[in-house]
Amino acid sequence: MRIGLLTDGGYPYATGESRVWCDRLVRGLARHDFDVYALSRSARQEDAGWVPLPPQVRRVRTAPLWGSRDDWPDGYGGRGGRAYGRRERRRFTTCFGQLAAAVCGAPDAGAGSGTVAGAGFADGLYGLADLAREYGGLAAALRSETAVRVLESACRAGGARRGVHGATVTDHLAFAGRVERALRPLSADWYGEDGLGAVDLCHAASGGTAALAGLLAKRFFGVPLLVTEYGVHLRTHYLTTAAAPLSAPVRTLLAAFHGGLATEVYRRADLITPGNTHARRWQEKCGAERARLRTVHPGMEADRFAAVGESGDGGDPRTLVWVGRVEPAKDLIGLLHAFAEVRKAEPEARLRIVAAPVRDADADSATYRTHCEALAAQLFPDEAADAHAVGDNPVSFEDLGGPYAPDVTDAYAGAGVVVLSSVVEGFPVGLVEAMLCGRATVSTDVGAVVEVIGGTGLVVPPRNPRALADACLALLRDPARRERLGAAARARALELFTAEQNVAAFRGIYLELISRAPVHRDADAVGADGEPLPFAHPAEAYVPGHWAGRGSAGAATPAWAAPEEAAAPPPAPAGAEAPGARAQAPETRTPLGAPDTVDTREPVAGGHGPGGAPGLVVASLPVAASFPVAGRVDGHV
C-alpha cells in the first residue's frame, strides 16, 4: 500500500513534536510505502535538516509556511508569483468572496464561536483550490488589493460578526497575510498523477493546514483521508493567538477561519483518530460525526523504561520529582507552594524539578524559570546543619541531559512520587513515562490525565496547592500504597500506551480504509473487462530476494512470467546504472516544484511497477502447480 503522509512542522524535520510519532509509525509499518508531504514552519527548522529516513520512505516533498517567497531557501519552487489576468481575477474575487463572507458572517445559532457557514466556506475553499491548480497558485492574489477590498466588503456587510465591524485596512492586510500562509498547500505542485494522485491513502498527522492537501487529493482523485490529532489544531490556535500581538478583529477573523477549516476537515475525512477523549470532545464540538471517530492512544517505547520499571527499586521515598518544560502552563508556582506545605509535615522531603529543553529557546520560558528559582530561594532558604556546614536547598532545578539527570529514565529512577501540576495539558506524555517506570503519581485533573491514569494514581483539582500537598503526603507516608499504585500504573501503560499497540491499530485502520476505496491498477495488469491478468505480478515478485528485484531493464515481472510476444531486452553494459535504480540518499532535499522527487527506497519488490508506480492490489488465483517449460508457464489454475 502506498501512503501519503501529510505533516505540518514535524516529520521528517529534526524538530517538531510529531516527528517521533511519525517516525515510529513509518518504521513500524515496513510493508507499506510512504510518500511524505511536509510543511516546514521556520527557517531554523529547515536548517536543522531531516531525521534519518527508513527505506520505505520513497520520496519527500516539502513546502515552507514561513516568510515570503523572497525568504525561502534556494532551490524552492512553488507557484503563485505571477499576477492573474482579468478572467482569473474575476474568478478569484468570486471564490475568495464566498470564503470571506463565510468567515465574516455570524455563526449559526447554537454553534460554537469558531464555526462558520459550512457550504459557503467549502465552496470558496475548493474554488480557490481549482483556481490555484489551473493557473499556478494563489500567493500573489491573496496579498493583492482585490483581496483586501473583498475582506472589507465582507466585514461591513449586513449580518457580519460583531467583532469584525471595526476592522481597519491594517487588520485586513494582517488577516490576508496569515490566510495566505495557511492556504499555501493549495498552491503546491503536489496534485498530479505522479503526486498525491498516485497514493492509495492520505494520512494527515494533524488537522488544519496539514490536512488541506488531503482534502484536495480526495476532491481531485478520490483518495481516502485519515486524520490523526493528538493535539487539536483548533485548540492550539486559540492558545497561541491569545498571546500574539493581534487586534481583536484579526483574532476574530482567524478564529472563524480556522474553525471553518477544522469543520470541513472533520466533515470530509473518512476516519478521524483522536489520541484521547479530550481531543475527541473538541472534534465532536466542531462537527465530527461519532461514527467516524476512533480513539488511538499514542505509543511510547516501553523498552526504554523497562530497566527502571522492572528493577523493583521504588526510588528515594522522600523525593518528589517533576519533569517537563518549564512554562506558565505547568504551574510550578503552585507546585512550590504545595511543597512548602509538604515540608512542614515532612521536613526530610525534597523536590527535584527536571527541566526538558525548551523549543526555540523561548524567552518567556526562561523568564518564568528565573521567577520560579527566585521563589524557591525565598520559600526555602539554604539550610545548614551547623555553622561550619554549607547550606542546601530542598528544591533543586536540574536540566535534562545534565550531570544529575543525563536521561529521563534517571530522573524517574530517583523519584518516590512523580508530580504533574499543570493547569493546561493535552496528552500527558511525561505521565505515561512515569507509569512505564512503575512510579506512583499525583496529577491535576486537566486534559487527558484522568483517561491516562485510570485509577492508578491520585488526581487533584488544578490550581489547588493544598490538595496537591495532601495527595503528595499521603503517598510519601505509605510505601505499600506507592508500590501498589506503581505496579498498576506500569501494567496499564504497557497495555494501552506502547508503540506496538499504536502501530497495530493503524495497520488495521489502513486496511479497513483501503478496502472501501477504489483500487488503482496499471493498464498492463488488467484485461479488457477490467479483471486482473494472471502472472502480471506473480507472487514471487512480492518476496524479498535477488529473483524478486527489478532486472537490468527495470521490469517488475520475472522473465519466465513475461508474455510470449514480449522479447526480453538485452542486458545492460557492465558498469551501467539500471534504469529502475533509485537514489540511495534520503537526506537529499526535494524542493517544492522540482521536476522529480527523491526516491529513498531500496529497489526491493513491494508491488510497484516500473519507475515506482503506485502499489497494486492484485487478485490472487490458486495455482496447483507452476513451472517453466519451453519459455512458458504451464500450470493448473
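The values are calculated or read from the model by the stated rules, or taken from the named source; none is laboratory data. Only a predicted model underlies this, so the values are computations on that prediction, with no experimental measurement involved. In this analysis, Cβ positions are derived from the backbone assuming ideal geometry, glycine residues included, and neighbour counts consider all displayed protein chains. For accessibility, only protein heavy atoms count, side chains too; no ligands or nucleic acids. Shrake-Rupley method; radii C 1.70, N 1.55, O 1.52, S 1.80 Å.
What to note about this one:
- Scope region 102-138; condition under 21 Å from Ala211 (Cβ atoms), at pLDDT below 85 and among the hydrophobic types (A, V, I, L, M, F, W, C); matching residues: Ala111, Val116, Ala117, Ala119
- Of the residues making up region 13-42, those that are of a type outside the set (S, T, N, Q), touching a Phe, Trp or Tyr at 6+ places or on another chain (Cβ under 9 Å) and either open to solvent by less than 40 Å² (accessible area, probe 1.4 Å) or closer than 13 Å to Arg507 by Cβ (or both) number 13.
- Out of Thr277, Thr252, Thr263, Thr228, one residue alone is in contact with a strand residue (DSSP E or B) (Cβ under 6 Å, 6 or more places away or on another chain) and touching a residue at least 40 places away in the same chain (Cβ under 8 Å). It is Thr228.
- Candidate set: region 358-404, residues that are surrounded by fewer than 10 Cβ atoms within 10 Å (Cβ to Cβ) and within 18 Å of Asp331 (Cα to Cα); chosen: the one modelled with the lowest pLDDT: Ala363
- Spans of helices (runs of 4 or more DSSP H) in region 400-453 with at least 3 residues under 25 Å from Thr277 (Cβ atoms) and either without any contact (Cβ under 8 Å) to a residue 40 or more places away in the chain or among the polar types (S, T, N, Q) (or both): 449-453
- Of the residues making up region 154-168, those that are open to solvent by 80 Å² or more (accessible area, probe 1.4 Å) and either modelled with pLDDT of 90 or more or in a helix (DSSP H, G or I) (or both) are Arg156, Arg162.
- Qualifying positions in region 454-465 - over 19 Å from Val424 (Cα atoms) and at pLDDT 95 or above: Thr456
- Scanning region 302-327 for residues that are within 28 Å of Arg369 (Cβ to Cβ) and not aliphatic (A, V, I, L, M) yields Arg304, Phe305, Gly315, Asp316, Pro317, Arg318, Thr319, Trp322, Gly324, Arg325, Glu327.
- Residues (open to solvent by less than 50 Å² (accessible area, probe 1.4 Å) and within 19 Å of Arg2 (Cβ to Cβ)) located in region 43-70: Leu53, Pro54, Gln56, Val57, Arg58, Arg59, Val60, Arg61, Thr62
- Residue match in region 326-337 (condition: open to solvent by less than 30 Å² (accessible area, probe 1.4 Å), among the aliphatic types (A, V, I, L, M), closer than 15 Å to Gly416 by Cβ and over 31 Å from the mean Cα position of the chain (by Cα)): no
- Exactly one residue out of Gly214, Gly222 is in contact (Cβ under 8 Å) with a residue 60 or more places away in the chain, surrounded by 21 or more Cβ atoms within 10 Å (Cβ to Cβ) and closer than 15 Å to Arg2 by Cβ: that is Gly214.
- Some residue of region 231-250 being charged (D, E, K, R) and modelled with pLDDT of 90 or more: no
- For region 143-153, a residue qualifies if it is modelled with pLDDT under 90 and in a helix (DSSP H, G or I), but none of them does.
- Positions within region 440-457 being touching an Asp or Glu at 6+ places or on another chain (Cβ under 9 Å) and not polar (S, T, N, Q), in sequence order: Ala440, Val446, Gly447, Ala448, Val449
- Arg219 passes every criterion in (1) among the charged types (D, E, K, R); (2) touching a strand residue (DSSP E or B) at 6+ places or on another chain (Cβ under 6 Å); (3) closer than 22 Å to Leu138 by Cα apart from (2).
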